[in-house]
Amino acid sequence: MIFDGKEEFVEALRRLVCDGTPAERIRVFTPFALPEVEKILPGRRSNVRFFALIGAGTGTITGFALTILTTLSWPLIVGGKPIVSIPPFIIIAFALTILFGSLSTFLGFLFLSRLPSLRGIRSKEEYGNKFVILVEEGP
C-alpha cells in the first residue's frame, strides 16, 4: 500500500495491526522517521547483538585455547617460570574477541537484513517521497 500523506499512512498501519497482522510481517518505508510507527510497531529490536555475543565468546575461548595449547605442544622453559601463564595470553584472547565479535556482527547483520536479497524486495529509494506498507506473505 502506497500513501502520499502521513495521516492516512499512520491510520492504515494502525488498522492493519488492529486487524491482527503480526508486526514481524510488516515492512514500512517512510521518507523520514516517524515516532508514531515506533509506537504502533513496538519491540522491533535487532537480534544482531546475539551474533556479537556469540562471536565474542567464541573469540575469547579460541584465543585462550590457541595460546595454551601452543605452549603445551612446544614448551619453552625460561627461568623456571610456569609454561601456562594467563596474563600474556589475555592479549591474544582480547584481539580474537574483537576480531570474531566484529566479523560475526557483520555476518549477523547481513543474515538478518536478508542481504543479498534473492527475492528482489524493492529498496527505499524506489518509492521516493511516499509512505509504504509492505506485508509479507505468511507460511
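Please treat every number below as a calculation from the coordinates, not as lab data. Here the structure is a predicted model, which means the values were calculated and not measured. Heads up, the Cβs are rebuilt from the backbone with ideal geometry, glycines too, and the neighbour counts pull from every protein chain shown.
What to note about this one:
- Kirkwood Rh (inverse of mean 1/r, distinct Cα pairs), the stretch 48-112, angstrom: 12.7 Å
- Candidates per chymotrypsin sites (Phe, Trp or Tyr not before Pro) in the stretch 1-104, loop by DSSP, up to 11 other Cβ within 10 Å: PHE32
- Lysine pairs in the chain with Cα atoms under 28 Å, if 8 or more residues apart or on separate chains: 5
- Note on ALA23 and ILE91: the model spin-label points, each 7 Å out from Cα along the C-beta direction, lie 4.8 nm apart.
- Cα→Cβ-extended label distance, 7 Å offset, between SER102 and ARG45, nm: 2.5 nm
- Residues considered: ALA95, ALA33, ALA56. Largest GNM mean-square fluctuation over the chain, using C-alpha springs under 10 Å, is found at ALA33.
- Between PHE32 and LEU72, the modelled labels are 6.2 nm apart [label points 7 Å from Cα along Cα→Cβ].
- Value of Rg/Rh across the chain [Cα atoms, Kirkwood radius]: 1.27
- Cβ-derived FRET efficiency at R0 22 Å, GLU137 paired with LEU112, nearest 0.05: 0.70
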